[in-house]
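Asks: Handing you a structure now.
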Amino acid sequence: MSKSLVIVESPAKAKTIGKYLGSDYTVEASIGHIMDLPKNDIGVELENRTFEPTLIVSPGKEKVVERLKKLASKAERVYLAPDPDREGEAIAAHLAMQLTPVVKDKSKVRRVTFNEITKKAVQEAFSHARDVDENLVDAQQTRRVLDRLVGYQVSPLLWDKVRRGLSAGRVQTVALRLIVEREAEINAFNPVEYWNIDADLEPGGKQMFTARFVGVNGVPSRVANGTDAEGKEQFIANSLPDQEAVDEVVRELKVAKWSVRSVEKKERRNNPKAPYTTSKLQQDAAGRLGFNVRRTMGVAQRLYEGVEIGADGTVGLITYMRTDSTRVSPDAIAEAREYIGKLGKAYLPEKPNTYAGKKQEQAQDAHEAIRPTSVKYTPDSIRKYLSDEQYRLYKLIWQRFVSSQMTPAIFDQTTVDIVAAAKLKYDFRATGSVLKFEGHLKFEEENKRAREAAKAEAAARPADADGDDEDDRRLPELADGEALRLAELHPEQKFTQPPPRYNEASLVKTLEEKGIGRPSTYASIINTIQDRDYVKKIQGKFIPTEIGTVVTKLLVKNFPYIFDTAYTATLEGELDAVEEGHERWTDLLNGFYDYFEKELKVAGKNMEDVKRMEQKTDEVCDKCGSPLILKWGKFGSFYSCSNFTKTKPMTVAAGPWKKDSKAVLKKITKALHYPVIVKAMAEDVTEFSKETHDAKELTAAITEAMALGKKVTAEQFSCDFTKENYAAKPDLSAPGADEAPEEEACDNCGRTMVLRNGPWGPFMSCPGYNDDPPCKTIRKLHQKVQQKPPVQLDEKCPKCGKPLLLRNGQYGEFISCSGYPKCKYIKQELLDVKCPKDGGDIAVRKTKRGDVFYGCVNYPKCDFASNLKLVNQICPKCDSAYVLEVTNDKGTYLVCPNNREALPKRRKKKGAPEEEPTTPLCSYQKKIAGPAKAPALEKPDPEKTRAVVESVA
């Protein structure tokens, strides 16, 4: 009997589902998307405005599709089970497109979805199989077409005006705009001075406490702090403007009579928070666990798809992790309440807690909130089955869900208003709160750590220590009118701080608040702006690179509507309307393209040409003293001397000069302007060089040069001085610029990415890169981008005597002369062996792929090179001047270069004749070390090797 075929995205998910379905089902993985738009063409029909996409089988997925077709043709039924979101629905539609032609009964190709991978959820999903939801597919297809239109039509503009290889993204550009505008706010920020005054007060025989100055004669004291974005005035509360005002108040306070004006006590309730949505999970994982968004979603993916839990086998531990919804199923709430009831009646509310999430039209509310699939799998009970990062994230999710169904925490809060009576009445206030009942805070990680720290601190105190400060915010018992004694005043000068740079958590929060993107896109948005080199992450904060700032300003200026924050959020709402069937996808695209096409035409004509930018500056050339101009190059802006020219030298022939020197002189001065340099060359050696400033000097110099050299030239004076514009680039030498990279999960299957080496250098890839079927997710690594400034060394150049510099090049660090380009000295690592061909030095060199070899320093005159290290030792058998160091799986050997049997075999060039040995054979070979342990591949630092993510799967 034929089996039913079930298709999911990842092998891990296939393994878990296969266990629940049994032997009547074959579960296969598509390894992500199987169809996409072509890479070499826009792939969208624009002439008739139908916007129909041209879909092709994704490169590298041909074998996967063929295998699935073969299985589908023999299957009784075909179930499409990708993730329950728009992207998953699109994958299901593409699978149906490929498989339906080979299935005899088309009605037997069905779609199934489940929010959690548990036996009950999976089996229930198969009992409610349905057709592919075309509205969901249309919404995802519309997003893909929108992104393609922007990317393929705006990017060529950036190539032409800024630099080849740049790209623009519809949503990513808006996210980048937030970061660039925040950086501009920080740079333009003017700090405002303000002062706070705190008073240490002592009631008779009671605990001392601290109160803060808040006003005078009942009028709040505040300092003006500019205006907000809407033009409204802003103020700093409870503060004074300057030291003069503070000194006057302090003088009065020292002689004032202090007393309690009023004491207000009330009970404050702290309500539990809703279970996690995607954005809230990403924010808390960043703040509490230090996980970036990519890592959070990778770990969550693995928890969702299933983890081996002892005798229970593979268990999906959390529900689907891409959601806007705070809704929770009644069964899950009942299970949580049963667990909470065992903690005590005080922790269990009378009715289940419910939470209002986003409006239905804005939320992917077909899903639930992120929660554990079963509360019985407590974090500590399954800790031994989880990795450290899985345990920490699961614990965060588990505690948040359980605490969401608990009672509020209760605090006793006290507010004391105090008056210091002198010439005026100066108002002070003190507040304190004490936790009365922990309620939902029982499972809060931060509170747990705080309680443990407080216990440890209490245990460390001496026995006679004052134990009154059990809570830092506890106030003594006070009564209205009670007299107080001033112990000490603490005036403190402060300055307002600029708005903080975005980190991953705050950027996700802002994107969510502004309605930019959806749960499934937050991670890719943040990854993309980093991978394209538009931002750097230093000490966890996003700093725009120079290229990111330039691109953002150009796009926002020339596409004010398309890259507007509000319009991007509106588009997200329209995509939701397409998903719900309230709007046709073609109508949405027509409306978008009307605006986009107009802005594209205007930008094509008016966009600033940054490539050809030449901006005057106040900087002066270190070589000739001329003004420097700011130009744009391959790696950003740089300073160049205004005296630099590309005008070609003119050759002065002896015949014409002798015949009519005035005509030749006129020709030279017409093409060149003073100063002009006259040179005489003999066999490529400069015999004469002189700078001239007028016709008389030029004539004399040419006449003198004619007598000294065979070739005489007149060339325009040109200063080649340049320097980096470091002020426009992030400081890569700042602490945290070279932080250790975190583990990275494959976007397709969730496995931890590994380092591989290819023909064009190292790259990160999925461990399933060579599997059958393969998962070909890769991340390319590029090096020569914004580099650290060169570091001057104490060592002098042996050629010209100038200091040597430690530089960063395309293939790593190297040491060269600071006099470059006049002095081209590069310090090389030399062996203590002379070249067997010409007696020159042998240097350690590297190929473009990073492979080490040994070559003569006199290259290209001497072409000696060896892949094996030369050792300065005479062969005891044949008197060869050196031996070679050979390492293989058996150990390390010293081998005579004439021992051709022991040397690695060289592959001869195609069609080349056999080489006849020119030296007698020798058998010398000596083992000097055993086999070395294979070195573990180190994950490259993404801050040094700029990342570009490419998912070919």
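Asks: In the chain, if the dipole is taken from +1 on Lys/Arg beta carbons and -1 on Asp/Glu beta carbons about the Cα centre, which of Ala483, Gly298, Gly60 is farthest to the positive end?
Replies: Gly60
Asks: Moving on. Going toward the positive end of the dipole of the chain, with +1 on Lys and Arg Cβ and -1 on Asp and Glu Cβ, which of Pro330, Thr407, Ala671 do you reach last?
Replies: Ala671
Asks: Tabulate in residue order the Karplus-calculated ³J(HN,Hα) for region 794-809, using 6.51 cos²θ - 1.76 cosθ + 1.60 with θ = phi - 60°, rounded to whole Hz; enter x for Gly and Pro.
Replies: 6, 6, 9, 5, x, 8, 10, x, 6, x, 8, 10, 8, 10, 10, x
Asks: Apply the a/c threshold of 1.5 to the C-alpha gyration tensor of region 650-718 and tell me whether it is rounded, prolate or oblate.
Replies: oblate
Asks: Now, a different point. Rounding to the nearest 20 debye, state how big the charge dipole of region 4-132 is about its Cα centre with +1 on each Lys and Arg Cβ and -1 on each Asp and Glu Cβ.
Replies: So the dipole magnitude of region 4-132 works out to roughly 640 debye.
Asks: To continue, here is another question. How far, in degrees from 0 to 90, does helix 330-341 lean away from the longest principal axis of the Cα atoms of the chain, to the nearest 10?
Replies: 70 degrees
Asks: As a quick test, which of the pairs Lys280/Lys494; Lys39/Lys106; Lys206/Lys265; Lys63/Lys120; Lys39/Lys553 have an alpha carbon distance above 24 angstrom in this structure?
Replies: Violating the 24 Å limit, Cα to Cα: Lys280/Lys494; Lys39/Lys106; Lys63/Lys120; Lys39/Lys553.
Asks: Quick one: if you stick a label point 7 Å off each Cα along the C-beta vector at Phe437 and Cys823, how many nm between them?
Replies: 8.1 nm
Asks: Let me ask something else. Using a 10 Å cut-off around each Cβ, can you sort Phe717, Phe853 from fewest to most neighbouring Cβ atoms?
Replies: Phe853, Phe717
Asks: Net charge near Gln390: determine it from the other residues with C-beta under 10 Å of the C-beta of Gln390, scoring Lys and Arg +1 and Asp and Glu -1.
Replies: Here the charged neighbours net out to +2.
Asks: If you put +1 on each Lys and Arg Cβ and -1 on each Asp and Glu Cβ, how big is the dipole of the chain around its Cα centre, in Debye rounded to 20?
Replies: 3900 debye
Asks: Amide H to amide H under 5 Å from Ser880: which residues, 5+ apart in sequence or cross-chain, H placed 1.01 Å off N in plane?
Replies: Cys875
Asks: What are the residues whose amide H is under 5 Å from the amide H of Glu482, where those residues sit 5 or more places off or on another chain and H is modelled from the backbone?
Replies: Here Val260 satisfy the definition.
Asks: About the Cα centre of region 580-711, how large is the charge dipole given +1 on each Lys and Arg Cβ and -1 on each Asp and Glu Cβ? Please answer in debye to the nearest 20.
Replies: 1140 debye
Asks: Per residue of region 574-584, what does 6.51 cos²θ - 1.76 cosθ + 1.60 with θ = phi - 60° give for ³J(HN,Hα)? Whole Hz please, x for Gly and Pro, Karplus curve as stated.
Replies: Along region 574-584, the couplings run 5, 5, 5, 5, 5, 4, 8, x, 8, 9, 6 Hz.
Asks: Take the Cα atoms of region 197-285, find their three principal axes, and give me the spread along each one in whole Å, biggest first.
Replies: Result for region 197-285: principal-axis Cα extents of 57, 43, 23 Å.
Asks: Here is a follow-up. How far is helix 546-558 tilted, in degrees, relative to the longest principal axis of the Cα atoms in the chain, given as a value from 0 to 90 rounded to the nearest 10?
Replies: For 546-558 against the chain, the angle is about 70 degrees.
Asks: Moving on to the next point. Quick one: if the Förster radius is 30 Å, what FRET efficiency do Phe235 and Glu202 give, using the C-beta to C-beta distance and rounding to 0.05?
Replies: About 0.40, to the nearest 0.05.
Asks: Something else: Cβ under 10 Å from Lys802's Cβ, Lys802 left aside: what net charge do those residues give with Lys, Arg +1 and Asp, Glu -1?
Replies: Taking every Cβ under 10 Å from that of Lys802, the sum is +3.
Asks: Could you tell me the number of lysine pairs in region 328-427 with C-alpha atoms less than 23 Å from each other, where the two lysines are 8 or more residues apart or belong to different chains?
Replies: The result is 8.
Asks: I've got another one for you. Scan [x] 1.23; [y] 1.34; [z] 0.99 for the value of Cα Rg over 2.2 N^0.38 Å calculated from this model and give just the label.
Replies: [x]
Asks: For helix 62-74, what angle does its Cα long axis make with the longest principal axis of the chain, in degrees from 0 to 90 and rounded to 10?
Replies: 50 degrees
Asks: Over the chain, what is the mean sequence separation of C-alpha contacts under 8 Å (at least six apart), divided by residue count, expressed as relative contact order in percent?
Replies: It rounds to 11 percent for the chain.
Asks: If you don't mind, another one. Label Asp41 and Lys877 with points 7 Å out from Cα along Cα→Cβ: what is the distance between them in nm?
Replies: In this crude label model, Asp41 to Lys877 measures out at 6.5 nm.
Asks: While we're on this one: Scan around Tyr924 for amide H atoms under 5 Å from its own, H built in the peptide plane at 1.01 Å from N, and keep only partners 5 or more places away or cross-chain.
Replies: Under 5 Å from the amide H of Tyr924 lie the amide H atoms of Cys896, each far enough along the sequence or on another chain.
Asks: May I ask you to evaluate 6.51 cos²θ - 1.76 cosθ + 1.60, the Karplus curve with θ = phi - 60°, for each residue of region 162-174 and list the ³J(HN,Hα) values in order in whole Hz, giving x for glycine and proline?
Replies: Each residue's phi maps through the Karplus curve to give 10, 6, 5, x, 6, 8, 10, x, 4, 8, 4, 5, 5 Hz.
Every number in this text was worked out from the coordinates using simple rules, so none of it is lab data. Keep in mind that this is a model prediction, so the values were computed, not measured. Note: ideal-geometry Cβ built from the backbone for every residue, glycine included; neighbour counts use all protein chains shown.
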